[in-house]
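First comes the structure, then the notes that go with it.
The values are calculated or read from the model by the stated rules, or taken from the named source; none is laboratory data. Since the model is a prediction, treat every value here as computed from it, not as a measurement. Here the Cβ positions follow ideal geometry from the backbone for every residue, glycine too, while neighbour counts run over all protein chains shown. Note: areas computed on protein heavy atoms with side chains; ligands, DNA, RNA excluded. Shrake-Rupley method; radii C 1.70, N 1.55, O 1.52, S 1.80 Å.
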Amino acid sequence: AQRVTQPEKLLSVFKGAPVELKCNYSYSGSPELFWYVQYSRQRLQLLLRHISRESIKGFTADLNKGETSFHLKKPFAQEEDSAMYYCALSENSGGSNYKLTFGKGTLLTVNP
Amino acid sequence: NAGVTQTPKFQVLKTGQSMTLQCAQDMNHEYMSWYRQDPGMGLRLIHYSVGAGITDQGEVPNGYNVSRSTTEDFPLRLLSAAPSQTSVYFCASSRADSSNQPQHFGDGTRLSIL
């Protein structure tokens, strides 16, 4: 069965410092991976998907199949980045994104 | 477009009561899913649907029923509420195509079972 592991429940950094939120996965097929973010009192929203290979709000994430990781990185954290971040894996690829397996989430706090 | 709309936003129930959490989407998405979010557990899939008339179980389906009579609506029913079902419930929808479009989430329903 697929699994997504986010080893850090809490991560605290200072404004301007680099931040890396870790995500490891186990899946026997070809994974589709996502990062979702939930700001305080807001709905869960997509931040990144690995197939897009894009940078959103300064965040990037690279899929490393050898290490089965999809870590989220930002070189200079901002206070508005404070939120709960979830790594998620789509069970099936090619248009079957209705069954996401989520990690337990990492609460990022960026201090002034 | 309103996107994914969930009602109610908050609800308190007594053990043994039943209720239905409503979810509607106006994006003509084929796929819809229900998740529950618990502290330290992340989000877990309860039930999902790939189209009207088709539903299936997710990771934690016990105690919940769903139906999908229309593309727009995907209600979640608690048959006999238990304190273990105290949680925040999220409904999500996504388009069915080969590009694996991301899911769009509703605001959630915060449910407390006493």
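When you look at A:Ala1, is it touching a His at 6+ places or on another chain (Cβ under 7 Å) and either hydrophobic (A, V, I, L, M, F, W, C) or modelled with pLDDT under 90 (or both), yes or no?
no
State the number of residues belonging to region A:1-19 that are open to solvent by 100 Å² or more (accessible area, probe 1.4 Å) and either closer than 15 Å to A:Leu33 by Cα or not aliphatic (A, V, I, L, M) (or both).
Summing the residues that are open to solvent by 100 Å² or more (accessible area, probe 1.4 Å) and either closer than 15 Å to A:Leu33 by Cα or not aliphatic (A, V, I, L, M) (or both) in region A:1-19 gives 4.
Please enumerate the residues belonging to region B:1-47 that are of a type in the set (A, V, I, L, M), open to solvent by less than 40 Å² (accessible area, probe 1.4 Å) and within 14 Å of chain A (Cβ to nearest Cβ).
The answer is B:Val4, B:Met32, B:Leu43, B:Leu45, B:Ile46.
With more than 14 Å from chain B (Cβ to nearest Cβ) and modelled with pLDDT under 95 as the only criterion, which of A:Glu91, A:Glu67 stands out?
Numbers: A:Glu91 fails: more than 14 Å from chain B (Cβ to nearest Cβ).
One residue alone meets the criteria, A:Glu67.
Give the residues of region B:97-114 that are buried (at least 16 other Cβ atoms within 10 Å of the Cβ) and within 12 Å of chain A (Cβ to nearest Cβ), sorted by residue number.
Scanning region B:97-114 gives B:Asn100, B:Gln101, B:Pro102, B:Gln103, B:His104, B:Phe105, B:Gly106, B:Asp107, B:Gly108, B:Thr109.
Within region B:36-63, take every residue that is in contact (Cβ under 8 Å) with a residue 12 or more places away in the chain and outside any strand (DSSP E or B) and give me the one that is farthest from B:Gln103 (Cα to Cα). Break it down stepwise before answering.
The first filter runs over region B:36-63 and keeps only residues in contact (Cβ under 8 Å) with a residue 12 or more places away in the chain, leaving B:36-38, B:43-55, B:58-61, B:63.
Narrowing the set further to residues that are outside any strand (DSSP E or B) leaves B:52-53, B:58-61, B:63.
Numbers: B:Ala52: 17, B:Gly53: 20, B:Gly58: 16, B:Glu59: 17, B:Val60: 19, B:Pro61: 20, B:Gly63: 24 Å.
Only one residue fits best here, namely B:Gly63.
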